[in-house]
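Participant: This is the structure I want to talk about, given as structure tokens.
The values are calculated or read from the model by the stated rules, or taken from the named source; none is laboratory data. Everything numeric in this text was worked out from a predicted model, so none of it was measured. When we count neighbours, we look across all protein chains shown, and the Cβ atoms used for this are built from the backbone with ideal geometry, even at glycine.
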């Protein structure tokens, strides 16, 4: 994704990233031609999605290495041994029914957020109580 300065028809350059502390993120871009600035503000859920995908706001500082993603998934950098493949996370019927109420266009993202949360916290079954705790811990309440 790139942002264009409409008057200059130039690609805006990344300037800075700010994390206000309320779960949101702001990224500032500047036009190299006219110095116009624009900011992108994400809500807490969007910030979590970007973070969960491993996206680095502002672009890469080093060139991508061959098989970078594959090698990263196979190696445990702390011990130099193959990484453990996490087991499946189960959903109770109640949790699945609650997930079904989420709009279809974001349901996959929401399911991934809850699944990642469960894995990070050693939870193998997602229940409505786990969903409530995740929303609170991730700052997603009110969304």
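Participant: Take the residues in the range 1-16 that are in contact with a strand residue (DSSP E or B) (Cβ under 7 Å, 6 or more places away or on another chain) and assigned to a loop (DSSP other than H, G, I, E, B); name whichever of them is modelled with the highest pLDDT.
Facilitator: 12
Participant: Residue check: is residue 59 part of a loop (DSSP other than H, G, I, E, B), at pLDDT 85 or above, over 25 Å from residue 106 (Cβ atoms) and in contact with a strand residue (DSSP E or B) (Cβ under 8 Å, 6 or more places away or on another chain)?
Facilitator: no
Participant: Here's a check for you: in the range 17-38, which residue that is in a strand (DSSP E or B) and at pLDDT below 85 is nearest to the chain's Cα centre (by Cα)?
Facilitator: So the residue we want is 25.
Participant: If a residue must be touching a strand residue (DSSP E or B) at 6+ places or on another chain (Cβ under 6 Å) and crowded, with 16+ Cβ neighbours inside 10 Å, how many such residues does the range 29-48 contain?
Facilitator: 5
Participant: I'd like to check something: does the range 81-91 contain any residue that is over 25 Å from residue 47 (Cβ atoms), surrounded by 12 or more Cβ atoms within 10 Å (Cβ to Cβ), at pLDDT below 60 and over 21 Å from the mean Cα position of the chain (by Cα)?
Facilitator: Checked the range 81-91: at least one residue is over 25 Å from residue 47 (Cβ atoms), surrounded by 12 or more Cβ atoms within 10 Å (Cβ to Cβ), at pLDDT below 60 and over 21 Å from the mean Cα position of the chain (by Cα).
Participant: Which condition breaks for residue 94 when tested against (1) modelled with pLDDT under 85; (2) not in a strand (DSSP E or B)?
Facilitator: Of (1) modelled with pLDDT under 85; (2) not in a strand (DSSP E or B), only one is false for residue 94: (1).
Participant: Do you know which of the residues in the range 99-126 that are more than 22 Å from residue 43 (Cα to Cα), out of contact with any strand residue (DSSP E or B) (no Cβ under 9 Å at 6 or more places or on another chain) and touching a residue at least 12 places away in the same chain (Cβ under 8 Å) is surrounded by the most Cβ atoms within 10 Å (Cβ to Cβ)?
Facilitator: 123
Participant: Looking at (1) surrounded by 14 or more Cβ atoms within 10 Å (Cβ to Cβ); (2) modelled with pLDDT of 90 or more, can you tell me which one residue 129 breaks?
Facilitator: (1)
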